[in-house]
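To keep things clear, I will list the structure first and then write my remarks on it.
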Amino acid sequence: MISFTTVNDLSAYIREIKPTKTIGFVPTMGALHQGHISLIEQSKKICDITVCSIFVNPTQFNNASDLENYPRLIENDLKLLLENGCDVLFLPSVEQMYPNGLQKNEEDYGQVLKLFEGLHRPGHFDGVITVVARLFDIVKPHKSFFGQKDYQQCIVVAELIKRKFPEIELHICPIQRETSGLAMSSRNLRLNETQKADALLIYKALEHIKTGFGQKDLPRLIDEAKEIITSSGLLTIEYLDVANAINLEPIENSNTKAVALAAVHCGPVRLIDNILLD
Ligand code: PAF
């Protein structure tokens, strides 16, 4: 694996390989787990060179303590990348990524930025748009790989690609789960065993919605799912709802392609998960 820390060095390498190699790109914030590895595996299957970036992006954190507590495990990340055959690692500093200071997107991305994560984490997606656009500009991949776990992020990145990088293919890869059903996330590292055992209720609740969708009255189904989560005194729900899977607007009827989305606090850790209802 070749590692780069500066934009200039990586750009020179990309210029050299791009004419003859298909470049796959997996952007991450590190603390890698099987979810990230599945993106790397997918990229390796269909690309010649897989580039992974590790950068904890300050502009997408709307909460200083979340940024401070975000797990940073670079030694373990390097080991995982090597074991899984990643070709190139980009590990830039904040100065390399934001040479003109920490600015973020000001373009209007419409209603999708005002719902769910956009509503509960104001400015989060503007930070994501900024950093992903900067990374796309530097890495210039043919294909990019994102996890369905961050469902709304996938919609936002699809819009960014449509507007600014139509040449880049977007691949959305399935959520990887622990055997318990808990969606894999870097944030799970901050859960103790009791919290982890309770956190799997989030997936149980989403599955409950999937099973009853189209059969039971939707508000009732959502209330039942909420009860599954709150049956643990440890979990508090930020949101749990069903939305149109394309634009996250409220669904009109059970024929709409829909997704159930949840954000739940488990002790000090905020977890998100989702399930497609088809
Ligand atoms: O999903 C993530 O880890 C981050 O939001 C991303 C896409 C790497 C941008 O910082």
Residues of the range 160-194 being touching a Leu at 6+ places or on another chain (Cβ under 7 Å) and part of a loop (DSSP other than H, G, I, E, B), in sequence order, are S180, G181, L182, S185
If we ask which residues in the range 6-21 are open to solvent by 40 Å² or more (accessible area, probe 1.4 Å) and in contact with a Lys or Arg (Cβ under 7 Å, 6 or more places away or on another chain), their number turns out to be 1
Given the condition open to solvent by less than 30 Å² (accessible area, probe 1.4 Å) and part of a helix (DSSP H, G or I), answer yes or no: does some residue in the range 86-97 qualify? yes
Residues of the range 106-128 being in contact with a Leu (Cβ under 9 Å, 6 or more places away or on another chain) and in a loop (DSSP other than H, G, I, E, B), in sequence order, are Y109, L115, F116
Residue in the range 223-242 that is open to solvent by 10 Å² or more (accessible area, probe 1.4 Å), over 20 Å from D273 (Cβ atoms) and at pLDDT 95 or above present: no
Counting only residues that are under 25 Å from I17 (Cβ atoms) and open to solvent by 30 Å² or more (accessible area, probe 1.4 Å), the range 98-136 contains a total of 2
Counting only residues that are part of a helix (DSSP H, G or I) and either within 11 Å of the ligand (Cβ to nearest atom) or in contact (Cβ under 8 Å) with a residue 60 or more places away in the chain (or both), the range 129-159 contains a total of 17
Restricting attention to the range 176-208, the residues that are open to solvent by less than 30 Å² (accessible area, probe 1.4 Å) and either polar (S, T, N, Q) or touching a strand residue (DSSP E or B) at 6+ places or on another chain (Cβ under 7 Å) (or both) number exactly 10
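If you check G267 against the conditions, is it open to solvent by 10 Å² or more (accessible area, probe 1.4 Å) and over 27 Å from N188 (Cα atoms)?
Spelling it out, it is not the case that G267 is open to solvent by 10 Å² or more (accessible area, probe 1.4 Å) and over 27 Å from N188 (Cα atoms).
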Within the range 206-221, of all residues that are free of Cβ contacts under 8 Å to residues at least 24 places away in the same chain and part of a helix (DSSP H, G or I), the one nearest to D273 (Cα to Cα) is H208
**Prompt:** Do we find a residue being closer than 23 Å to C154 by Cα, part of a loop (DSSP other than H, G, I, E, B) and of a type in the set (S, T, Y) anywhere in the range 195-205?
**Reply:** no
- Test C173 against the criterion of being within 16 Å of the ligand (Cβ to nearest atom) and either touching a helix residue (DSSP H, G or I) at 6+ places or on another chain (Cβ under 9 Å) or over 26 Å from H120 (Cα atoms) (or both), and give yes or no. yes
Restricted to the range 250-268 and to residues being touching a helix residue (DSSP H, G or I) at 6+ places or on another chain (Cβ under 7 Å) and either among the hydroxyl-bearing types (S, T, Y) or at pLDDT 95 or above (or both), the residue nearest to E207 (Cα to Cα) is A260
The residue that is nearest to the ligand (Cβ to nearest atom), considering only those in the range 37-48 that are within 30 Å of H120 (Cβ to Cβ) and open to solvent by less than 30 Å² (accessible area, probe 1.4 Å), is L39
Being under 16 Å from Q60 (Cβ atoms) and at pLDDT below 95 narrows R134, R121, R187 down to just R187
Among the residues of the range 49-61, is any more than 12 Å from the ligand (Cβ to nearest atom), closer than 25 Å to T6 by Cα, touching a residue at least 24 places away in the same chain (Cβ under 8 Å) and open to solvent by less than 10 Å² (accessible area, probe 1.4 Å)?
yes
When (1) more than 10 Å from the ligand (Cβ to nearest atom); (2) more than 22 Å from H33 (Cβ to Cβ) are applied to F125, the one that fails is (1)
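The values are calculated or read from the model by the stated rules, or taken from the named source; none is laboratory data. None of the values given here were measured: they were computed from a predicted structure. Positions of Cβ are backbone-derived with ideal geometry, glycine not excepted, and every protein chain shown enters the neighbour counts. Ligands, DNA and RNA are excluded from the accessible area calculation, which covers all protein heavy atoms including side chains. Shrake-Rupley method; radii C 1.70, N 1.55, O 1.52, S 1.80 Å.
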